[in-house]
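Read through the structure below, which is laid out as structure tokens, and then see the notes.
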Amino acid sequence: MTTELIDNGRKSRQVLKDLKDLYIKKLKPVEEISSFSRFGNPTIHGGDFVSPPFLLLLGPYSAGKTTFIEYLVGKSFLERVLVLNRRLT
């Protein structure tokens, strides 16, 4: 790993920690007083700041979903292509 990647990782962790602290100190009390969770999203927990994001891609056959994932990941998955659209007769 290069030092740049290590520095970016440290910065990312610090930003997440700062966001979590800011939420707990400033926003969470307002949410609890106003009963925000009854009308909107539930209260955020500590794990929500450090858990990996989820991404759901939906679309018709051959719309570019795999191409988009390959672009995000920076890796090609063509060697593992499975044909799932065959009809059994």
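The values are calculated or read from the model by the stated rules, or taken from the named source; none is laboratory data. These numbers come from a predicted model, not from an experiment. Cβ placement follows ideal geometry from the backbone for every residue including glycine, while neighbour counts extend to all protein chains displayed. Calculation scope for accessible area: heavy atoms of the full protein, side chains included, ligands and nucleic acids excluded. Shrake-Rupley method; radii C 1.70, N 1.55, O 1.52, S 1.80 Å.
In the set 20, 75, which member is modelled with pLDDT under 80, basic (Lys, Arg) and under 21 Å from the mean Cα position of the chain (by Cα)?
75
Taking residue 60, is it closer than 30 Å to residue 17 by Cβ and part of a loop (DSSP other than H, G, I, E, B)?
Criteria not met by residue 60.
When only residues in region 27-78 that are among the polar types (S, T, N, Q) and out of contact with any helix residue (DSSP H, G or I) (no Cβ under 6 Å at 6 or more places or on another chain) count, which is surrounded by the most Cβ atoms within 10 Å (Cβ to Cβ)?
66
Contact list please: Cβ distance under 8 Å, first residue in region 34-46 and without any contact (Cβ under 8 Å) to a residue 12 or more places away in the chain, second residue in a loop (DSSP other than H, G, I, E, B), pairs at least six apart or on different chains.
What qualifies is 36/43; 37/43.
Can you pull out the residues in region 32-57 that are in a helix (DSSP H, G or I) and at pLDDT below 85?
Across region 32-57, the qualifying residues are 36, 37, 38, 39, 47, 48, 49, 50.
What number of residues within region 2-17 are open to solvent by 100 Å² or more (accessible area, probe 1.4 Å) and modelled with pLDDT of 75 or more?
4
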